[in-house]
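The values are calculated or read from the model by the stated rules, or taken from the named source; none is laboratory data. None of the values given here were measured: they were computed from a predicted structure. Glycine gets a Cβ as well: all are built from the backbone with ideal geometry, and neighbour counts include every protein chain shown. Ligands, DNA and RNA are excluded from the accessible area calculation, which covers all protein heavy atoms including side chains. Shrake-Rupley method; radii C 1.70, N 1.55, O 1.52, S 1.80 Å.
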Amino acid sequence: MSDDYIFDVKNVTLRFGGVVSLNDVSLHQNRGEILAVIGPNGAGKTSLFNSLTGVYRPQVGTITFSGEPGHSVSVIGRKPHLLNGAGIARTFQASRMFSALTTYENVKIGAESHKGLGAVGAMLGGPATRRGEKLSDSRTWELLDFVGLRAEANTLSASLSYGARRRLEIARGLATNPKVLLLDEPAAGTNPAEKLELTSLIRKVRDRMGVSILLIEHDMKMVMSLAERLYVLNFGGVIAEGTPEEIRANDAVVVAYLGSSDTGEAAQPSPSETEDTDAQG
Amino acid sequence: MIKQWLGSPLARRVGTTTALAVLLMVMTGPSGSTSQPTAGFVQSFSERSSFFGLFVTQRWLVWAALALIVSALIRVAKWLKSDYAEMVAIPGRLARSAQAPFQTKKPVRFGTYGVLMIVAILLPVFVTDGFWQQSLVEQVAIFVLLALGLNVVVGFAGLLDLGFVAFYAIGAYATAWVTGALPAAAPFGVHLDPFWAIPIAIAIAMASGVLLGIPTLRLRGDYLAIVTLGFGEIVTIFLNNEYGITGGSTGSHQVPHFTFHVGPIKYAWGLGPVPYYYLTLGFVVLFLIIFSRLEHSRVGRSWTAIREDEVAAESIGINPLKYKVMAFAIGAASAGFAGVMTAAQTNFLSPQTFLLSFSINILVLVIFGGMGSIIGVVCGALLVQVVSTWMDHYTPFGFQSQDLYMYLGAILVAMMIFRPAGLIPARRRKREIAMSEAGEGHMDEMLTGDTP
Amino acid sequence: MASIFGFFVTHFGILRKEFWPLLVGGLSNGFIYAMVAIGYTMVYGVLRLINFAHSEIFMSGGFASFFLMRALIGSSAPGGVASVLLVIGGVLGGGLAGAFMAMVLERVAYRPLRRRHAPALAYLISAIGASYFMFNLAGKEFGRYNTSMAQPFVNHTIFTLFGAPVQMLSMIIALVGTVMLITLDRVVGSTKLGRSVRAVAQDAETASLMGVNIDRTIVIVFVLGGFMGGAAGFLYGLGFGINYTMGFTPALKAFTAAVLGGIGNLRGAAIGGLLLGVVESFSIAFVNGAYLDVVVFGLLIAVLLFRPTGILGERLGRSA
């Protein structure tokens, strides 16, 4: 464990009424790391994301985010838009673009969201406003090129393919200049070719932009090839942590994915088998 | 056989047409009273009346014919496939209509506006009738200003504000206050010109908008509507009862006219409506420019984002409360400004003007024209206000001014059923409604569980 | 400081002296608010929307029973069995008119929007339009003035409660209100009809998969709420007379009551209604009568801001 971290989650518990969604979860993400969180449906993965981005407010525990080395903020109790300002960007499980806006406009909103209010400037149309517009325009084009959506700039975001929507969400998140990007099941609903594209795009985001990646994904092939380290959640608690190889060999993980197997056959499932089981659950 | 026919589309159409004809007949028919509750209904059918002085005939004949024509027109419109229907046919067609290029050019299209401008400037030359000149200011131009302001709140930010009239009242009373026309002493004992009331009234209206907005704009849309309605009622009750401050139910008759006095140039607005018309027109143009700039700025895009998906908007750093309060404040400021114009032009204010129905009237202008569409709102306001003024003045088919709100209510329902995006829809709004109806996006869904 | 202290001493003095009469008056109004609040809360439970036009259902009930009473009651005030039958007739007449108007409202102003999955804003606007249309049409057809209703009984004091006279009308309102509220609670709580209502309120999609007819259930909800509202219109009309705008203020107060009790919660609406009636009545001791409505609106705003789920918590049959 290094001291140069992005996220440091300690003993977080999140309840809704009587339902415990996250139970004493601790998690550590190093700066620059591609970290994945896996687990069966309902294990609390999305609740974890929502807690990390300020949408939910865990009752117990601490979450610390460090955008710059030596500088950290406490996440719990901060509003999502402030956390985004601090350097946390995310995508959603079912993509949530602004579907009545074009691809270009979607990214541009991200690029300009942290530039103050400017209502008066906008109404008067002063030179500062025009300069700001120009800056966001060039930033938007840059990002559209980066994710390969330049050709779709004027398309209404709702009519994009699943793969393109994911890339758009990533571009919109990146437009806010984050230090970490949280991806909630980016491969859901995409075809194998799109999956490969996404995998290389995610790696490119980390390598070229230096943005750390925290990933929830069901597609084991993608997770195992992309993630440097994994956490496994089940019933709201962390049941395993380690490198892809370690996780593959972990009995608890196998049991969680296959259900408590009576036959004791659960030896070492290949990644593709794990994926199949998950698809059923 | 009969049962089969009753279920057929033709039967449905006959039924709807009949219902429409009956409704129109009753709406335009004579009134009844508690002692003769059926008189209005019965006479609506039986009475013979003159239609626009052209011919005299049985009322029901005319309305049945009208309903048939309307129903036929609806058929034709459906057949021609309105672009709205096309929007609903997602996703194949959507992809095509989405190819319109985004705008980086001038947000104001000078062609359309230029023609409108020339017409507006020349209007008083052609309209020489005193009543209509007066109405152009009091019933049309001021209402366009108000509709443009409410459009920022309802159209851009998607917030239903039913207390809009309160800010209009605040503007008007602030004018009366600083010009020394209220029982409450003018600030610093100086009686100012109404021009000086403009910044003061805007500041007061804006401040009350912010104060009301910060706690209430966190609420769901329908709660916000009720809370703003309650606020409007509270303001009215206050104006009616605080005789020592507001003059109570009698209000004030002593608000002075605008005067302009800089160096050698001196001009005083008087009783004549034409100078006021040009003054208001100038401000309408100013509003048009600044609001359309706002729409196409970062702020306008953020409003769209919040309207569509607040959670996603927050995740990219947009503070929803800040932008909602901003829309609220801008709306309040423009209502306050319209209040100054009205107070100075009519010299008169009374709590009777500032009722909930006034807010509803403005809402109708925005909804009819098209939420979020500036040009739509202007055209909608012109059309509705001119027609209602005309009906009020010439009382066709025994129209009574109290009946106005019955028609306005019907317009709201009809628009929501048949053309929710309005007469001249805003591009974004139209897409959004189509999306929401196709189950795309996260815009306040109904009848679906809200999963955490 | 001293003057604030003095204010409370004086006004609590008034409250103490007039406690019982104010309580009786407040509860009597409270039953009416509760009956109207039920309509808001039920519609909210299944559609998650505030039926802005509910005030006009109340008004329709008032007018229908007004015409019924005028047709049935001669010049002299009836008594005995005739009075009982007339009151039942008025409740039924007002209730049925309310239920019918609610059905029409749902059919015309809401269903076309539901078919299209229109956004929430559209429902609100449509409902506001319907409300304005309805009360102004009533004003046009029945006149725009207040008229008192023919009384089906002699409104004398029947007993005194700690020195507070309790009149016949208050007793009838309390009786009818109690019977109707309990019946409704039973209907929703333990009949097959009620089960479908609760199922739709909990999860419309699942309910429809389980074979519950959503359209029918929504109509039932409007009819039940409309009946309660219409009957409340009759009771209100007996005391205050009828008027085309009679729905506005009581309905806004009933809405406050529904929010106070936790919108979507049936028993909450009943308790909220009674509570609001009493709070409103007691506030007479503290503020000028003209500002009574300000107290209620202020309460509404305060509840929405500080405890939007109300006293008993939100939602019809919704657990988490």
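Of B:LEU24, B:GLN134, B:PRO37, which is farthest towards the positive pole of chain B's charge dipole, taken about the Cα centre with +1 and -1 on the beta-carbons of Lys, Arg and Asp, Glu respectively?
B:LEU24
Sorting check: for C:132-141, A:57-66, which peptide has the highest mean count of neighbouring beta carbons within 10 Å, and how do the rest follow?
Ranked by mean Cβ neighbours within 10 Å, highest first: C:132-141, A:57-66.
In whole Hz, with x marking every Gly and Pro, tabulate ³J(HN,Hα) for the stretch A:199-205 from phi via Karplus 6.51 cos²θ - 1.76 cosθ + 1.60, θ = phi - 60°.
4, 6, 5, 4, 5, 5, 4
Translational D (Stokes-Einstein, µm²/s) of the stretch A:88-177 at 37 °C and 0.692 mPa s when Rh comes from the Kirkwood sum over C-alpha pairs?
This corresponds to a translational diffusion coefficient of 245 µm²/s.
Rounded to the nearest 5, what % of DSSP beta bridges with both residues in chain A are antiparallel?
Here the antiparallel bridges make up roughly 60 percent for chain A.
Write down the Kirkwood hydrodynamic radius of the stretch B:318-388, to one decimal in angstroms, obtained as one divided by the mean of 1/r over all alpha carbon pairs.
13.9
Heavy-atom accessible surface, probe 1.4 Å, ligands and DNA/RNA ignored: which residues of the stretch B:211-229 lose at least 40 Å² versus the isolated chain?
Checking the loss per residue gives B:LEU219, B:ARG220, B:ASP222, B:TYR223, B:ILE226, B:VAL227, B:LEU229.
From the protein chains alone at 1.4 Å, what is the descending order of accessible area for B:TRP269, B:TRP79, largest first?
From most accessible down to least: B:TRP79, B:TRP269.
Buried accessible area for the A:B pair, summed, 1.4 Å probe, in Å² rounded to 100?
3800
Report the charge-dipole magnitude of the protein assembly as shown in Debye, nearest 20, computed about the Cα centre from +1 at each Lys and Arg Cβ and -1 at each Asp and Glu Cβ.
Its charge dipole is roughly 1800 debye.
Taking amide H positions as placed in the peptide plane 1.01 Å from N, state which residues far from A:SER26 in sequence (5 or more) or on other chains have amide H under 5 Å from it.
A:ASN11, A:VAL12, A:VAL238
Considering the dipole of the protein assembly as shown built from charges on the beta carbon (Lys and Arg +1, Asp and Glu -1) around the Cα centre, which of C:PRO152, A:LEU14, C:MET42 is farthest to its positive end?
The one lying farthest along the dipole's positive direction is C:PRO152.
Which order, highest average first, do B:355-365, B:68-78 follow once you tally other Cβ atoms within 10 Å for each residue and take the mean per peptide?
The peptides rank, most packed first, as B:355-365, B:68-78.
Which semi-axes, in whole Å and largest first, does the equivalent ellipsoid of the stretch C:117-160 have when worked out from the alpha carbon gyration tensor as the square roots of 5 times its eigenvalues?
38, 18, 7
To the nearest 100 Å², how much accessible surface do chains C and B hide from each other in total, with a 1.4 Å probe?
That pair of chains buries around 5500 Å² in total.
Can you give the mean number of other chain Cβ atoms that lie within 10 Å of the Cβ atoms in peptide B:412-425?
Partner Cβ neighbours, averaged per residue: 5.
Given a 1.4 Å probe, how much area per residue of chain C is accessible, in Å²?
For chain C, the solvent-accessible area averages 39 Å² per residue.
Amide H neighbours of C:GLY241 under 5 Å, counting only residues 5+ apart in sequence or on other chains, H built in-plane at 1.01 Å?
Residues meeting the amide H criterion: C:MET149.
Can you order the peptides C:256-267, C:81-92 by their average number of other Cβ atoms within 10 Å per residue, highest first?
Order by mean packing, descending: C:256-267, C:81-92.
If contacts are Cα pairs under 8 angstrom and at least 6 residues apart, what is the relative contact order of chain B in percent?
Relative CO of chain B lands at 22 percent.
What are the membrane-span-like helices in chain C by this rule: whole DSSP H runs, Cα extent along the axis at least 18 Å, mean Kyte-Doolittle hydropathy at least -0.5?
C:2-17, C:19-47, C:54-72, C:81-105, C:120-142, C:168-190, C:214-240, C:248-261, C:266-282, C:292-306
If one puts a single equal scatterer on every Cα of the stretch C:22-179 and applies the Debye formula without solvent, what log₁₀ I(q)/I(0) results at q = 0.11, 0.12, 0.17 Å⁻¹?
Summing over Cα pairs of the stretch C:22-179 leads to -0.54, -0.63, -1.08.
How big is the shadow of the Cα convex hull of chain A, averaged over all directions, in nm²?
Averaged projected area of chain A's Cα convex hull equals 16.2 nm².
Taking a quarter of the surface of the convex hull around the Cα atoms of the protein assembly as shown, what do you get in nm²?
Reported value for the Cα convex hull: 51.0 nm².
Give, rounded to the nearest 20 debye, the magnitude of the charge dipole that the stretch A:82-165 has about its Cα centre when Lys and Arg contribute +1 at Cβ and Asp and Glu contribute -1 at Cβ.
The calculated dipole for the stretch A:82-165 is roughly 140 debye.
Apply the Karplus parameterisation 6.51 cos²θ - 1.76 cosθ + 1.60, with θ equal to phi minus 60°, to every residue of the stretch C:158-164 and state each ³J(HN,Hα) to the nearest whole Hz, in sequence, with x for glycine and proline.
Working through the residues one at a time gives 9, 7, 10, 10, 6, x, 8 Hz.
Give me the percent of accessible area attributable to carbon and sulfur for the protein assembly as shown, probe 1.4 angstrom.
For the protein assembly as shown, the apolar C and S fraction of the accessible surface comes to 64 percent.
Give the average, rounded to an integer, of partner chain Cβ atoms located within 10 angstrom of each Cβ in B:158-164.
The per-residue average across the peptide is 2.
Using alpha carbon centroids, what distance separates the stretch B:121-145 and the stretch A:134-192, in Å?
Distance between centres, Cα-based: 51 Å.
List the residues, sorted by chain then number, that are 5 or more residues from A:PHE92 or on another chain and whose placed amide H is less than 5 Å from its amide H.
A:ASP184
Put one equal scatterer on each alpha carbon of chain C, apply the Debye formula with no solvent term, and list log10 I(q)/I(0) at q = 0.10, 0.13, 0.16 1/Å to two decimals.
The Debye formula, applied to the Cα set alone, gives -0.57, -0.95, -1.35.
When a/c is below 1.5 the answer is rounded, else prolate if a/b is larger than b/c, else oblate, so apply that to chain B with a ≥ b ≥ c taken from the square roots of the Cα gyration tensor eigenvalues.
oblate
Based solely on its DSSP helices, what 222 nm [θ] is calculated for the protein assembly as shown when runs of n ≥ 4 H residues each add -39,500 (n - 2.57) and the sum is averaged over all residues, nearest 500 deg cm²/dmol?
-19500 deg cm²/dmol
Using Cα centres only, tell me the gap between the stretch C:224-263 and the stretch C:145-219 in whole Å.
So the two Cα centres are separated by 12 Å.
With Kirkwood's inverse mean 1/r over C-alpha pairs for Rh, give me the Rg to Rh ratio of the stretch A:31-116, two decimals please.
We get a ratio of 0.99 for the stretch A:31-116.
In peptide C:137-150, what is the residue-averaged number of other protein chain Cβ atoms found within 10 Å of each Cβ?
Mean partner-chain Cβ count within 10 Å for C:137-150: 5.
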